[in-house]
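First up is the structure itself, then whatever we jot down about it.
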Amino acid sequence: MNAINVVPIVNAVDRVQRQVNELTVQVGRVDANVGRVSVDVQTTRAELQALTAEFRQFVHQAGLTANVQRSETALGNVEAALDREYGHYKVVRRTSVGTLQAFDIGNVSNDTVQQISEELMIQTPRYWLAPALVALAAWSRDDRELADKSVQTAFTRDRAKTSLFFALVLRRQGRLDASSRWLRAYLSAQDPRALGREFAVVFEAAAHDAFGTHGCAAVEQQLAEWNELLRSDPAVVDAQAQIWVDELTTLRGSVDDSVYPVLLRHSPGWPHYKALLESASAFGFAVEKYRRIADTDTPLVQSVQDQLDDLLEQLVTEYDDEELPFQREVAYHRAVIETGGDTGRARLVADSTTRALDEKMDAVSLQTQIGVHPDEMGVSVGAQKLAIGAGRDDLRTAVGDYANAYRSRFIDVLEIVLAPDHSQLAVAMGFPGWKTDTATTQELSEVSLAETWHRACAGHIEAIRFRPATAVWPVLLACVVAWFGVAVFDVAGGLLALAAFGGAAWWVVRKKRVADERVRHAEAARGQALQYSIDIYRAAIAEFVDARLAYQEADAGERDILELIGGWPIAAGREKGH
């Protein structure tokens, strides 16, 4: 019998063994790479989440910046249109006061005044002040016919402002009887439910006794009658409180999310609590604003003439009705710029401001608007203080209404949620998510969190632990190779079988070693993962405590504003001896 050459078989077995070894090494490398890839994936996911948050913040900020830029452009266009359409009114306004001052000094000829006033009359055919200026020029020349005709023209264009203008001019010239007649004509012609914005000038004059004793007494008596009449209507009274509520709303502060980053991310109820905190903050800002107003000195001007010049300038520089649409648009775009592009808050501010630009309003509302928006109404701090004093009961009611509104939405418990992806280890270990609330004690919450992590880690470890069943298929494969080798190659087949079983045993040992290593890593990371989650929970609780203290402090500001209102001088414009 010829001997079988086993060398090729042995070589084949060696090759198979080397391939098995190489395959095992490759499997080990794949396991290691899979582990690294898993870690990289979790790291990438966390970084992606951070980048997403940053991108959203960037988009939000970019939107605000774009809003500001659009409003800056629109504001320039509106102001340009306003100047184009009504810029010539400014010339008439400046000229009117300048004319009166020129008459005092006597350094301008009547012919010059006549020429300028008549030119302005031609250039501004619908404006009430132009014929009034012509009347002044005619009066200075004793041209009664032209003066009467010009007064009638001005009176036709705007009865109220013309009456008030000549009441102020005649008072400035010391002609008290004539001034009082014009003033009474003005007051008698007024509808207390639809006063023009020029009445703010009357209020300003009354605040400083600019009309003299009899004139101011007439204004005060008329105001008292109107107030008694109008305040018998509950709707009017409620409207005043609402104006002040709107003022408090615009004074709210903004909570910086960077102060409460953990609540922002892990508390679904934080936006609601943040809104409560911002609402309560209005009291502190209101106290700061109105205490500064109360503490502002309002001394008498040096002379009645100076007072009247100021009032005349205030009257003639007041927006005319046809200009108001432009002014409302200006108010909105300025609010957008001032609020940094927050169009929602800008709309609140602009709406509150443009109410003061209404063409007509009742006498009570006009006084309230003087107290809230003195700049828009064109009055001094002295008049503002007087108006606030007159309406302090409305302000007191508004404070209660405003506080009740946000307190009715109050929540004292926030939910804290740790999502399955709140950390890299949470994702890697299959953390299912966990939640608690700020009313649950810290001890119970941390026990619950630890139990959740214990179950998650146990499940993860069980999933990666080496199981004997893992060795079944390599052993079966080795058995098949051994049977095939013995059946085909006889003696050499034994070597092949030995190599197959050796390779299977090596693979199983390698697999178990890798699994055991992963289990050790998981067990070692268990405490770290739990502690990281506990740190987040504790940080959320600490931020909630800070937020609750901030809310309580802000909410207590109601007492301060009520105290300020209670001590407000009712006759603020007369503190210095009026």
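Among residues of segment 186-197 being outside any loop (DSSP other than H, G, I, E, B) and touching a Lys or Arg at 6+ places or on another chain (Cβ under 9 Å), the one that is nearest to Leu315 (Cα to Cα) is Gly196. Does at least one position in segment 325-347 carry a residue that is at pLDDT 85 or above and buried (at least 17 other Cβ atoms within 10 Å of the Cβ)? No: zero hits. Checked against (1) within 27 Å of Ser281 (Cα to Cα); (2) open to solvent by 40 Å² or more (accessible area, probe 1.4 Å); (3) of a type in the set (Val, Ile, Thr), Thr438 passes all but a single condition, namely (2). Taking each residue of segment 359-386 that is free of Cβ contacts under 8 Å to residues at least 40 places away in the same chain and looking for partners that are among the basic types (Lys, Arg) and open to solvent by 30 Å² or more (accessible area, probe 1.4 Å) with beta-carbon atoms closer than 8 Å, six or more apart or interchain, yields His373/Arg355. In the condition set (1) touching a residue at least 60 places away in the same chain (Cβ under 8 Å); (2) assigned to a helix (DSSP H, G or I); (3) under 15 Å from Thr368 (Cα atoms), Ala235 is compliant with all but (1). Can you find even one residue in segment 137-151 that is open to solvent by 40 Å² or more (accessible area, probe 1.4 Å), under 47 Å from the mean Cα position of the chain (by Cα) and either modelled with pLDDT of 85 or more or under 22 Å from Asp104 (Cα atoms) (or both)? No: zero hits. The single condition among (1) within 24 Å of the chain's Cα centre (by Cα); (2) open to solvent by 30 Å² or more (accessible area, probe 1.4 Å) that Glu225 does not meet is (1). Taking segment 230-253, which residues are open to solvent by 40 Å² or more (accessible area, probe 1.4 Å) and either on the phi > 0 side of the Ramachandran plot or out of contact with any Ser or Thr (no Cβ under 7 Å at 6 or more places or on another chain) (or both)? The answer is Arg231, Ser232, Asp233, Pro234, Ala235, Val237, Asp238, Gln242.
A quick yes/no check of all residues on (1) over 30 Å from Thr436 (Cα atoms); (2) more than 17 Å from the chain's Cα centre (by Cα):
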| position | (1), (2) |
| --- | --- |
| Ser188 | yes, yes |
| Cys216 | yes, yes |
| Val262 | no, yes |
| Glu278 | no, no |
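Of everything in segment 167-191 that is buried (at least 18 other Cβ atoms within 10 Å of the Cβ) and over 19 Å from Leu129 (Cα atoms), the residue that is modelled with the lowest pLDDT is Ser180.
Do we find a residue being part of a helix (DSSP H, G or I) and open to solvent by 40 Å² or more (accessible area, probe 1.4 Å) anywhere in segment 198-205? Within segment 198-205, not a single residue is part of a helix (DSSP H, G or I) and open to solvent by 40 Å² or more (accessible area, probe 1.4 Å). Of the residues making up segment 121-136, those that are assigned to a helix (DSSP H, G or I) and surrounded by fewer than 17 Cβ atoms within 10 Å (Cβ to Cβ) number 2.
Taken together, the criteria exclude Thr156 from residues that are free of Cβ contacts under 8 Å to residues at least 24 places away in the same chain, open to solvent by 40 Å² or more (accessible area, probe 1.4 Å), of a type outside the set (Gly, Ala, Ser) and under 22 Å from Ala383 (Cα atoms). Of all the criteria given as (1) modelled with pLDDT under 65; (2) surrounded by fewer than 18 Cβ atoms within 10 Å (Cβ to Cβ); (3) closer than 30 Å to Ala426 by Cα, the one not satisfied by Lys511 is (2). From (1) farther than 30 Å from Ala189 by Cβ; (2) assigned to a helix (DSSP H, G or I), pick out the condition that doesn't hold for Leu229. Only one criterion is unmet by Leu229, namely (1).
The values are calculated or read from the model by the stated rules, or taken from the named source; none is laboratory data. Keep in mind it's a predicted model, so treat the numbers as computed, not measured. Ideal geometry is used to build each Cβ from the backbone, glycine not excepted, and the neighbour counts take in all protein chains shown. Surface areas here come from the heavy atoms of the whole protein model, side chains and all, with no ligands, DNA or RNA. Shrake-Rupley method; radii C 1.70, N 1.55, O 1.52, S 1.80 Å.
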